[in-house]
Amino acid sequence: MTTTRVTLPVDELPTAWFNVVPSLPTPLEPPLHPATKEPVGPDDLAPLFPMALIAQEVASEPWIDIPGPVLDILSLWRPTPLVRAERLEAALGTPARIYFKDESGSPAGSHKPNTAVPQAFYNQAEGVKRLTTETGAGQWGTALSFACTQYGLDCTVYMVRASYEQKPYRRVLMETWGSEVIPSPVDDATSPGSLGLAISDAVRDAASRDDSHYSLGSVLNHVLLHQTIIGLEAKAQLARAGETRPDVVVGCCGGGSNLGGIALPFVPDEGVRMVAAEPSSCPTLTEGRFDHDFGDTAGMTPLLPMYTLGHDFVPPPIHAGGLRYHGDAPIISNLVRAGRMEAVAYPQTATFDAAVQFANAEGKLAAPETGHAIRAVLDEALAAKDAGEERIILFNFSGHGLLDLAAYDDYRAGRLVDA
């Protein structure tokens, strides 16, 4: 019997996050103040974020210790398993070896609690009583709702209206954990909304109250930092599986958090390709421009150095709501711009084709976002088959699709539209 599932004991849970900033091909450009267009400083960010997260946002040291109380909560489900997708390999007839990091076993069903827990911890430590945030498909909102219950914080989630209507059970889960969930945009009930609009609603709310801070589930440096626990575990697990390194690391990409989590620990390793898979209806990395742009639609946030489709861009209401963001993480943008990371874009029907094939082979139903990564993995595995290469493919199974069954129903009924 071959080993298809590689686990780590709890006492091998990483105790420090990997900060990729010193390893980037070129230095990161600073974010700019929305009014002055000058580089922002800590005082500019203090109304929205605790100082500990601001320090992590600008950190230059390669390792940052994970606080013990954060590890205590992360250990409820971490380390997560690394799984060899042998049945998928057989179905494809590929010589490639496919591994996936299964992040679907967290309380929220995705990778998002990896940063929600430390963000709630640092805010509670500074006396903050309430957090506001945005969420697309609801994975981030559910993660922060869970984390806030662990630290006694109130939470208000502005959920992109298209997802609020498509995914009612994610709203129920957030409300079960005590959060208030409000469809966004709040001032236009006819708009499908976007992550940029929801960020504006959440930032505006937090800035209006002394007891509140804002929490972001992707894009920023400290968010990607927290997610590197995924790739750090995967490195140790690949070694246990007898692999020296992957040939390619794949993740879906909206703002960049799960992709960064699986890929960034491999940035210093020569010969490891990295692939970002995004929706063709929101092709930030493949068709956007690199520029300083607002992180939100209303222009309230700092301008970030990133690939962008324009902060007023509202993508079509595809089911992969977590990928409907006009910009991308400055770290991911830096890697793509330097040629260290590749990007591909897919229409949603192709991603559901891949997700259904994966579900039939491996028995796991992927979130629509994760389906983009699976589509890229299938393409990589088939390319290895054509080339006769034993390619080692690692990807992040970033979340399950058990609360996205309406999306699969639309797929099966032929109602999906490739915008």
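The values are calculated or read from the model by the stated rules, or taken from the named source; none is laboratory data. Note that the coordinates shown come from a computational prediction; the quantities given were computed from them, not determined experimentally. Counting neighbours? That spans all protein chains shown, and the Cβs are built from the backbone with ideal geometry, glycine included.
Computed quantities for the displayed model
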{"read-out": "Considering residues of the range 259-301 that are at pLDDT below 95 and in contact with a strand residue (DSSP E or B) (Cβ under 6 Å, 6 or more places away or on another chain) only, the residue nearest to residue 220 (Cα to Cα)", "value": "295"}
{"read-out": "First in the range 175-189 and closer than 15 Å to residue 160 by Cα, second anywhere and part of a helix (DSSP H, G or I) and among the hydrophobic types (A, V, I, L, M, F, W, C), Cβ under 6 Å, 6 or more apart", "value": "181/174; 184/197; 184/198; 185/197"}
{"read-out": "Number of positions in the range 109-131 that are under 13 Å from the mean Cα position of the chain (by Cα), assigned to a loop (DSSP other than H, G, I, E, B) and at negative phi", "value": "2"}
{"read-out": "Set 90, 96, 16, 52: member being of a type in the set (A, V, I, L, M, F, W, C) and either closer than 30 Å to residue 209 by Cβ or at pLDDT below 95 (or both)", "value": "52"}
{"read-out": "Flag for residue 277 being surrounded by fewer than 18 Cβ atoms within 10 Å (Cβ to Cβ), outside any loop (DSSP other than H, G, I, E, B), on the phi < 0 side of the Ramachandran plot and aliphatic (A, V, I, L, M)", "value": "no"}
{"read-out": "Pair list, Cβ < 8 Å and 6+ apart or interchain, from the range 241-254 residues that are on the phi < 0 side of the Ramachandran plot to residues that are basic (Lys, Arg) and at pLDDT below 95", "value": "254/324"}
{"read-out": "Residues (out of contact with any Phe, Trp or Tyr (no Cβ under 7 Å at 6 or more places or on another chain), of a type in the set (Ser, Thr, Tyr) and farther than 26 Å from residue 253 by Cα) located in the range 123-177", "value": "176"}
{"read-out": "Single match in 163, 191 (criterion: modelled with pLDDT under 95, within 30 Å of residue 409 (Cβ to Cβ), hydroxyl-bearing (Ser, Thr, Tyr) and assigned to a loop (DSSP other than H, G, I, E, B))", "value": "191"}
{"read-out": "Residue in the range 239-246 that is part of a loop (DSSP other than H, G, I, E, B) and closer than 23 Å to residue 344 by Cα present", "value": "yes"}
{"read-out": "Answer residue from the range 289-301, given it is touching a residue at least 24 places away in the same chain (Cβ under 8 Å) and either of a type in the set (Asp, Glu) or crowded, with 23+ Cβ neighbours inside 10 Å (or both) and is farthest from residue 19 (Cα to Cα) among those", "value": "297"}
{"read-out": "Filter result (of a type in the set (S, T, N, Q), over 19 Å from the mean Cα position of the chain (by Cα) and crowded, with 24+ Cβ neighbours inside 10 Å) within the range 145-185", "value": "179, 184"}
{"read-out": "Residue under evaluation residue 212, criteria (1) modelled with pLDDT of 95 or more; (2) touching a strand residue (DSSP E or B) at 6+ places or on another chain (Cβ under 7 Å); (3) closer than 23 Å to residue 306 by Cβ, criterion not met", "value": "(3)"}
{"read-out": "Sole residue being surrounded by fewer than 23 Cβ atoms within 10 Å (Cβ to Cβ) and in contact (Cβ under 8 Å) with a residue 60 or more places away in the chain, chosen from 205, 210, 201", "value": "205"}
{"read-out": "Of the criteria (1) over 28 Å from residue 43 (Cβ atoms); (2) part of a loop (DSSP other than H, G, I, E, B), which one residue 209 fails", "value": "(1)"}
